[in-house]
1. Scan the range 127-146 for residues that are under 26 Å from Leu309 (Cα atoms), assigned to a loop (DSSP other than H, G, I, E, B) and open to solvent by 10 Å² or more (accessible area, probe 1.4 Å) and jot them down.
2. Do the conditions hold for Gln89, that is, is it more than 28 Å from Lys199 (Cα to Cα) and modelled with pLDDT under 95?
3. In the range 106-120, which residues are assigned to a strand (DSSP E or B) and either crowded, with 23+ Cβ neighbours inside 10 Å or of a type in the set (D, E, K, R) (or both)?
4. Looking only at residues in the range 229-246 that are among the polar types (S, T, N, Q) and open to solvent by 40 Å² or more (accessible area, probe 1.4 Å), which one is farthest from Gly281 (Cα to Cα)?
5. Could you give every pair whose Cβ atoms fall below 6 Å, whose first residue belongs to the range 250-277 and is β-branched (Val, Ile, Thr), and whose second residue is open to solvent by 30 Å² or more (accessible area, probe 1.4 Å), counting only separations of at least 6 or pairs across chains?
6. Can you list residue pairs whose Cβ atoms sit under 9 Å apart, with the first residue in the range 168-187 being more than 19 Å from Val296 (Cα to Cα) and the second being in a loop (DSSP other than H, G, I, E, B) and of a type in the set (Lys, Arg)? Count only pairs 6 or more apart in sequence or on different chains.
7. Quick one: which helices (runs of 4 or more DSSP H) sit completely within the range 217-334 and have at least 1 residues that are closer than 30 Å to Lys76 by Cβ and either in contact with a helix residue (DSSP H, G or I) (Cβ under 6 Å, 6 or more places away or on another chain) or at pLDDT 95 or above (or both)?
Amino acid sequence: MALQTKLAASSIYNRVLRQLPGELSMAFAYGSGVFEQKGQEDRSRNMLDFIVAVDNPLAWHKENIKQNSKHYSFLKFMGPRFTAHFQEQYGAGVYFNTLVPFENRLIKYGVISTYRLITDLLDWDTLYVSGRLHKPVLMIQEPETYELTAAIQTNLNSAVHTALLILPDVFTEEQLFHTISNLSYSGDFRMIIGEDKKKVENIVKPNMERFRQMYESILDSQEHLHWNKSQGNFEQYLSRVSQFHHLNLLPKTLLMRLVSHHNRDGRTRDTEEVIRSLAYGGNCSENVSSGVSSIVQKSSILQSSKTILTAGLLKSIRYGFSKLMKMYKSTQNT
């Protein structure tokens, strides 16, 4: 798990965390304000994005509303109990405060409970935060429990098994990391309008070495995969045995989507039957891709709707406009 760590105590990332209540189980920064992305010449002009995990959302929001009331929309007047409930029960279980001025930057931070984070990492129930952790992040506060650390590693393994089911028998490193990165964008309605159409490519190309570091130990241990590191390509042995192996190791929610899709004719096949049917019957890649998209589509719509309320109308308009401008600039550069 090659997540970036060991920041200087004086870094802006640690200064941001010091402005928030200290009861965190993990914290990381991500996105174009942190890592180089193709077409982004000056990262210092981009918003800094954070995710913080907390054991007790109610206690955390109660303290944060006292300390940083201006970070919140009108929902703060509903009280911390409502705020915590709204975070936990709607969308992807994340509460975002966005376009928050900090020093000479703008920041956005999302709060998720440790329980919901672990569930998403293990099961992919939303692929929202787990999808962000498929890509390089800047770890500011290391996971404080073995359970959380193990869940992060399981999430990376799941991404590899899923990508290998989608990819052909021969592919490049860039194709692999593009496929992994695209998992959490596949089905996201914002990729139609509101996001840079080359977002995944822009993430992967400048960060190939970081992706290699993240996934090297997992890829080296794959028995049905050969990695020619000197040439930067892979060959996998597509067989019923290898597909059965990868399918058995998919996250629970994705398997449930595959079962539901196969039983749309009214039959009641169980998980084992569906896995065997996919491994032996073909169309495995298309079915897995469709299953991933169905998870992302639902969570992206619900979380985006939720963010309109957590950000407030004016901030939502500003944030949406900035996304549209990025998308427009990307189309002009093609």
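1. Of the residues in the range 127-146, the ones under 26 Å from Leu309 (Cα atoms) are 127-133.
Now drop any that are not assigned to a loop (DSSP other than H, G, I, E, B), which leaves 127-128, 133.
Tyr128 - this is the single residue of the range 127-146 that is under 26 Å from Leu309 (Cα atoms), assigned to a loop (DSSP other than H, G, I, E, B) and open to solvent by 10 Å² or more (accessible area, probe 1.4 Å).
2. Details: more than 28 Å from Lys199 (Cα to Cα): yes; modelled with pLDDT under 95: yes.
Against the criterion (more than 28 Å from Lys199 (Cα to Cα) and modelled with pLDDT under 95), Gln89 qualifies.
3. Step one: list which residues in the range 106-120 are assigned to a strand (DSSP E or B), which gives 106-113.
Hits for the range 106-120 are Lys108, Tyr109, Gly110, Val111, Ile112.
4. Quick first cut of the range 229-246, residues among the polar types (S, T, N, Q) only: 230-231, 233, 236, 239, 242-243.
From what's left, open to solvent by 40 Å² or more (accessible area, probe 1.4 Å): 230-231, 233, 239.
Working: Ser230: 35, Gln231: 33, Asn233: 27, Ser239: 11 Å.
Among those residues, the one meeting the criterion is Ser230.
5. Thr253/Asp123; Thr253/Asp125; Val259/Thr271; Val274/His262
6. Glu173/Lys229
7. Numbers: elements: 240-248, 252-262, 271-281, 284-311, 313-332.
The helices (runs of 4 or more DSSP H) meeting that bar are 284-311, 313-332.
Each row is one residue, and each column tells you yes or no for (1) open to solvent by 40 Å² or more (accessible area, probe 1.4 Å); (2) touching a helix residue (DSSP H, G or I) at 6+ places or on another chain (Cβ under 7 Å).
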{"position": "Asn46", "(1), (2)": "no, no"}
{"position": "Ile51", "(1), (2)": "no, yes"}
{"position": "Asn56", "(1), (2)": "yes, no"}
{"position": "Ala59", "(1), (2)": "yes, no"}
{"position": "Tyr72", "(1), (2)": "no, yes"}
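The values are calculated or read from the model by the stated rules, or taken from the named source; none is laboratory data. Quantities reported herein were computed from a predicted structural model and do not represent experimental measurements. Every residue, glycine among them, receives a Cβ derived from its backbone with ideal geometry; neighbour counts consider all protein chains shown. Note: areas computed on protein heavy atoms with side chains; ligands, DNA, RNA excluded. Shrake-Rupley method; radii C 1.70, N 1.55, O 1.52, S 1.80 Å.
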